[in-house]
Structures are given as structure tokens and as C-alpha cells.
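I have placed the structure first, in the form of C-alpha cells, so that the comments after it can refer back to it.
Every number here is computed from the coordinates shown, using simple stated rules; none is lab data. Being a predicted model, the structure only gives us computed values, none of them experimental. With ideal geometry, Cβ positions are generated from the backbone for all residues, glycine too; neighbour counts draw on all protein chains shown.
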Amino acid sequence: MEKARKYNFFYRNTVIVWMAVKFIFQLYFFSFTHRIWDDRTVRQWNRMLADMASEFRETAVRLGGVLVKVGQFLSTRSDFLPEAFIRELTGLVDQVSAMPFEISKELMEEEWNSSLDKNLKTIEPESIASASIGEVYRAELKDGTKVAVKVQRHRVREIFRKDFVALKMVFWIIKVFTNFGRKADLTALYKELVRVMDRELDFRQELKYGNYFLERYRNMPSIHIPSYYNHLCTSRVLVMDWVEGAKITDVQYVNEQRLNPEQLARTLFDFYIDQFLHPGYFHADPHAGNILVQENGKIAILDFGMVGEISKQDTVYFKRVARGFITDDYQLMIDALEDMDFLLPNADKVKLEKAIRQALDLYQDGSLKEMDSDTMAQIADEFKMMVQEQPIQLPADYAYFARAVSIIAGLLYAIYPEMDIEKWAKPQVKKWFGYRNLAEAVAKQKAKETAEPVLALPRAMLKWLENGEKDREWDKIKQELRLKHHFYLFLETISFIMVLIGAGVIFYGYTTGLTGIAVTALSAVAVLVFFIIILFYKHYRMIQFRKRGGVANE
């Protein structure tokens, strides 16, 4: 029964959309009923977010399809998702049951337009890996070469197309009934999600990226990229060299093979920092399952379905941000972020620049170590709140970039906890930045520090105090009013939809003679109408209050 419903358009859409509506209601209701945000409230809030993320993860695993990929994608979006939610999604991996081999066999024969015997000597019917998009089998070619065969899952394209519709509805609901519409370009984000996930459905893209990395790192002897058999690769089937090895984090295997953990970590570091600093594609899914260590100490990189790209212009932007940070040129940093599409058109750049200036002035060089910790926490909280209010969003490739960097950093420390990442990175960053540019930037910073060492802290404190306690308090009030406005709008719309459904039930009951159902529905509609009237009245009073406060256009 569950398998049949899994492919049903209305069932999948109902589950996905209802989950989104329920989450939005929970968030609003919690904020509406908790006026004082003390430590206890924050803990309750984080528990609720963790429960929501857990429910999302379970639903994603059960339904498969887009939800798994959406969860993996959203786990990179620290620019607008809460940390507690992201923490639960970070471990979301494809956990779907294997599909019957007969289905995979039929698809391979269809793609190759021939029987398996004509291309494969043997193939093991039990898959060695099963994910939301593909199954992987161990096989041998006619000449005895061991290969891995990746086959697209049955009806996966159909499922993704259905889920894209539900996803569009969810994004519309979020845009209309939450503050995310102001903070993020949800239309662009939806298109980016569809583009990225649609690309993963075409295995020819993965073939292209695999061949790219094979060529790029052909002369790096410590890295192994499997070769692909192009004549057997199609949009739904990939055939590549079989790779023996263990996960890079398998300490027991590393010790058994008497491999040097420091050397393994350094090899992995050099491989990825080359991608992160220079133009070209980068491996955007570097979890331990995709990085194997072989007996001879080589590191094998697998699965190029998720790949990001750093353009030449991106490296220019990165260097501008670095230069701005070194020389305290905040306007340069803001301009670079805007050129990188981090800032939406309605972002308050002046306010954002002021926040960055204050934060860096207050925390730079540990100058506030002696300050009261409560004061520092207050400044940090207000800075965080201000940034969250600003229309800042991370473009998809940068989100993949940030995710890849964080995963690799975690892997490196897991492999070699004594790693000195600053020592390893410094020579390469200097070379990347350019010795002349770096020397010039450092010289400017040193001159500035020499000219005004005493004034830095008082000036920073003065700028922070100039904001005024009343302004900060009014910002919080405006945020609460905005939250209430969206909450009322959300409840009014949902109630109105329920009234329409109730009217339909009343009509159906009277026309079919089921008067009991009709009377019950009529009573429910009457209660809902009364509830809507109260909501409209409270909503109207709140809007009038906002107008009297001079923020009618907020």
C-alpha cells in the first residue's frame, strides 16, 4: 500500500505541503505564546526545531525523491535556516531500500539496446549502495575488468517532477506567509534547486565532471579518480572502474595498512584547497563515503553527481573580501558581497557596513578580552539579529562551497587531530593572494594600526553606543509586529480555506440527504466565521498601532 501511495501525485503533494504548513504554524504559535526569551525559552525553541528537522528527515527517507535532496541542500543554508534545524539535517543521507535487480536489468538493457551478456561478463544482483537517485552494482566487463555500474532508480524522474510541483507550492506559502520573502529571493532559490536536482538526474553531467577531475588530477599520484567507460555510459547508466578501499575515516584500516595519518590528511588538504582557491569545478559532496583510502595510501575520490564551480571572477571577489578584511575597508567588502549576489536589492548596505565595522572593531586582535562577558554577548546577539534581518542570501554554488569546506575541515581533523591547518594553508594562500598584493594590504593595515592604536577601542564603543538603546528596542518591537502580521495573515487564509471546504461539505450533505454531516459542517463554519472576525479585528488594531508608530511602510 505504501509503495503504491509513494508514486501518487496527490498523496506526495499533500504530505509535503501539509508538513510545511504545520511547521510554519508551530513556529508562529511558539513565538506568539512566548513573550520572554530567556534561556529556558531558547532551549524549548531549539528542541522544537530539532523535532521538526527530525520529522522532515524521517519523511524524506520514507518518501525519497526531492525531499532528500532538498534536505541536503538546505543543510548548506546557514544564511537563513536556524542552526538547530541544520544540525539535524547535516547527517541526512540517502537511506532508501534497494530496488529489485530485474528493474535495474531492464533499464540497463534498454539504455544499451542489448542484453547484459553482450557488455558484461558478470554482475552481482545485490546492490552495494542504494540512494534516492541511483543503485550501484559490482560487475565485470568481458575482459575481466572489475567495474561499478550505477543505475538510475525506477521512476525517479517521475517522482522528482511531481515533487517539484509540491516544492513550488511550499515556496509560495513561505513567501506569502513568512518573513523569508523579504529576506531571500525564494523564486530564484526554487529555480536554483530545480536546476541543481534536475542536473543530478542526467548521469551524463556526472560523466562530464568525472572526466574533468580525472584529467585535472592526472599528475597527482597520491589521488585516484576512477576512469569511466564512455561507450557504456548514458543519461541513466554509468560504468566506471571498481575501487577497492575503506572510508578515509576508518582508523582501524589505516592502522592495519600502516599508513601515515598525517600524510593522508595533507594529501586530502592539498587536493581540496587547490579546488577552493582556483577557478574550475570543485567536488561538492566530500563525505567519508565518497573518499576512500587504498592499501597503497592513495586516496580515491568517488561520486561527482554534486559539483560546484568557482569562476575566475569569483576568485577576484574572494581576494577583494580578503583585502577589505585585512585593510579594514568595509565598503570594499560590502561591494564585493553585492557583486557576488549575497545582497538582495532591498538590503540596507549602510546598516550592514556599520554592523560589520562595529563587530570587527570590537573583536579584532582580542581587544575586548577584559570586557564584561555579558556586554560582549549582548553586542554579538544584536549583531546576529541585525544580520538575520537583512536580505542576505547565499547563492547555491557558494552554499555548496561552504558545505564542502566545512565537511573537509571535519574530515581532516578526524584523520589527523594534530593538524595545523593554518600552517598548511598559509603558503598556498600567500601564493594565491599574490605576495605583492598581500604585502601591500598588510602594510596598509600596519600603518593604520600604528597611526591610531589608542583610538580603536573607544571609537568602536562610541559607534556602538551611538545606536541608542531606544533604537535597538524599537527594532525588536518592529520585528515582533512583523511576526504578528504574518501570523494573522496565515491564520486568516487557512481559516478562509477551511470555510470554503466546510461550505462544500454543507452543500454535499444537503444535496445527498446526509443532513447530519451538513449540520455539523454548518456549526463548524459558524465557529470559523466568528474566529475570522476576531482575527480581522485584532489584525486591524495591530496595523493601526504600526501606523501610529510611524512604521506603516515596514
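Count charges around residue 198 for me, please; just the other residues with Cβ under 10 Å from its Cβ, Lys/Arg as +1, Asp/Glu as -1. Around residue 198, the surrounding residues sum to +2.
Could you list 7, 190 so that the one with the fewest beta carbons within 10 Å of its beta carbon is first and the one with the most is last?
Numbers: 7 14, 190 18.
If I rank by nearby Cβ atoms, fewest first, I get 7, 190.
A full extension of the chain between residue 58 and residue 281 corresponds to an added length of 77.1 nm, given 0.36 nm per residue minus the alpha carbon distance. Considering only 141, 240, 261, the residue lying farthest towards the positive end of the dipole of the stretch 120-267 is 240, judged by Cα position with unit charges set on Cβ. Remark: the stretch 45-58, residue by residue, has Karplus-estimated 3J(HN,Hα) of 4, 5, 5, 4, 4, 5, 5, 5, 5, 5, 5, 4, 5, 5 Hz, where x stands for each Gly or Pro and the curve is 6.51 cos²θ - 1.76 cosθ + 1.60 at θ = phi - 60°.
Using 0.36 nm per residue of separation minus the Cα-Cα distance, give me the extension gain between residue 50 and residue 205 in nm, one decimal.
Numbers: separation 155, 0.36 × 155 = 55.80 nm, distance 3.47 nm.
The span from residue 50 to residue 205 would gain 52.3 nm if fully extended.
Residues 132, 97, 31, 114, arranged from fewest to most other Cβ atoms within 10 angstrom of their Cβ, appear as 97, 114, 31, 132. Between the beta carbons of residue 18 and residue 294, assuming R0 = 45 Å, the FRET efficiency works out to 0.45 to the nearest 0.05.
For a footprinting-style exposure proxy, rank 278, 224 by other Cβ within 10 Å, fewest first.
On the way: 278 13, 224 21.
Least to most surrounded, the residues fall as 278, 224.
Which links in 146/426; 121/208; 208/298; 298/426; 22/191; 319/349 stretch past 31 Å when you go from one Cα to the other?
Details: 146/426 41 Å; 121/208 26 Å; 208/298 23 Å; 298/426 25 Å; 22/191 24 Å; 319/349 20 Å.
Distance filter (> 31 Å) returns 146/426.
With a cap of 15 neighbouring Cβ atoms within 10 Å, and only residues DSSP puts in a loop, list the trypsin sites (Lys or Arg not before Pro) found in the stretch 143-215. Within the stretch 143-215, the qualifying trypsin sites (Lys or Arg not before Pro) (loop, at most 15 other Cβ atoms within 10 Å) are 155.
Classify the stretch 256-305 as rounded, prolate or oblate, taking a ≥ b ≥ c as the square roots of the eigenvalues of its Cα gyration tensor: rounded when a/c is under 1.5, otherwise prolate if a/b is larger than b/c and oblate if not. Intermediate results must be reported in sequence, preceding the final value.
Details: a/c = 2.97, a/b = 1.58, b/c = 1.88.
It comes out oblate by the Cα gyration axes.
Modelled spin-label separation between residue 242 and residue 130, with each label point placed 7 Å from Cα along the Cα-to-Cβ direction: 2.1 nm. Here's how it looks for residue 224: its modeled amide H is under 5 Å from those of 299, 300, 301, which are all 5 or more places away or on a different chain.
For residue 216 and residue 188, compute 0.36 nm times the residue count separating them, minus their Cα-Cα distance, and round to one decimal in nm. Show your work: numbers first, answer last.
Numbers: separation 28, 0.36 × 28 = 10.08 nm, distance 3.16 nm.
Taking residue 216 through residue 188 to full extension adds about 6.9 nm, to one decimal.
Between residue 11 and residue 259, the FRET efficiency estimated from the beta carbon spacing at R0 = 60 angstrom works out to 0.75. Measuring r between the beta carbons of residue 173 and residue 406 and using R0 = 25 Å, the FRET efficiency lands at 0.25.
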